[in-house]
Amino acid sequence: MLQNPIFIHGWAFSSKVFEHFRGIKYDLPGHGKNRKPFKDFEEVLKELAQLTYKKHDVVGWSLGGSVALLFALRFPEKVNRLILIGTTPHFGGAWEEKNIKAMKLLIKKKGIRVFRELAFGEFEDFFDEESGFELLDRYVKLNLLPLIPRINKETYIIHGTEDKVVPPSEAYKLYRALRRAKLIILGGGHFPVRNEEELKAAILKSS
């Protein structure tokens, strides 16, 4: 069902969130097994390109979905389909600046666990706070809305009705901007598909 899938996790997590999926799993800089500091998104895309060897279904969750969109723009020849879970085209536009600042302050005060529990639940893996917050700052400023109409890939947008990190309204923005998109709204939170069978079922349901 999934063709040569590659998985890209969300901010402050790691590829461990995709442990119940088969395929290539990438760790963002400063996350999980990738101890390199974050430099810029271009370096991230180059690292992903080195992992890919043919056309892939690129599955991105949250920030990983934004990276998947950038990858489709930068390396369209390597992308078969896009599967975007809990993704926004512009995180900085989804929340007021004061709310983003409050979230960052809360994380710095209480630790990354408070965000992980909100977005996913209980989770443990390496996270470099300095590099991670640099990545978050770049992510907040990343506005893909003017760019994604250029993407001509079959895309599945999967979003949970109870998502507390990326409002469901962001899924509709993506759907309207992309040329070949299917929108799948599920019950659940920020990560509404937790294993390969749930992901396949969601895709099949939309077909």
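The values are calculated or read from the model by the stated rules, or taken from the named source; none is laboratory data. This is a predicted model, so every value here is computed, not measured. Every residue, glycine among them, receives a Cβ derived from its backbone with ideal geometry; neighbour counts consider all protein chains shown. To get the accessible areas, we keep the full protein, side chains included, count just its heavy atoms, and leave off ligands, DNA and RNA. Shrake-Rupley method; radii C 1.70, N 1.55, O 1.52, S 1.80 Å.
Net charge near Val114: determine it from the other residues with C-beta under 14 Å of the C-beta of Val114, scoring Lys and Arg +1 and Asp and Glu -1.
Net of charged neighbours comes to +3.
Determine which aspartates and glutamates satisfy two conditions relative to Lys164: a Cα distance under 19 Å, and not lying fewer than 8 residues away in the same chain.
Within reach: Glu96, Glu97, Glu117, Glu122.
At R0 = 30 Å, how high is the FRET efficiency between Arg113 and Asn152 if r is their beta carbon distance? Nearest 0.05 is fine.
It comes to 0.15.
Excluding His159 itself, calculate the net charge of residues whose Cβ lies under 13 Å from the Cβ of His159, where each Lys or Arg counts +1 and each Asp or Glu counts -1.
Summing Lys and Arg as +1 and Asp and Glu as -1 gives 0.
Over the stretch 96-207, with every protein chain in place, what whole percent of the accessible area is carbon and sulfur at 1.4 Å, could you tell me?
Ligands and nucleic acids excluded, carbon and sulfur reach 50 percent.
Between Gln50 and Leu73, what length comes free when the chain is fully extended (0.36 nm per residue of separation minus the Cα-Cα distance, one decimal in nm)?
6.7 nm
Helix-only mean residue ellipticity at 222 nm, the chain, DSSP H runs n ≥ 4 weighted -39,500 (n - 2.57), per residue, nearest 500. What is it?
So the helix-based figure for the chain works out to -11500 deg cm²/dmol.
Can you tell which of Pro192, Pro29, Pro76 shows the greatest fluctuation in a Gaussian network model of the chain with Cα springs below 10 Å?
Greatest mean-square fluctuation among the candidates belongs to Pro76.
Roughly speaking, what is the centre-to-centre gap between the stretch 75-115 and the stretch 153-207 when only Cα atoms are used, to the nearest Å?
That distance is 16 Å.
Of the cross-linked pairs Lys173/Lys200; Lys78/Lys200; Lys98/Lys205, which ones have a Cα-Cα span greater than 30 Å in the structure shown?
Result: Lys98/Lys205 exceed 30 Å.
Work through the residues other than Val79 whose Cβ is under 11 Å from its Cβ and net out their charges, Lys, Arg +1 and Asp, Glu -1.
After counting each charged neighbour, the total is +3.
Tell me, what is the per residue accessible area of the chain in Å², probe radius 1.4 Å?
Roughly 46 Å² per residue, with all protein chains present.
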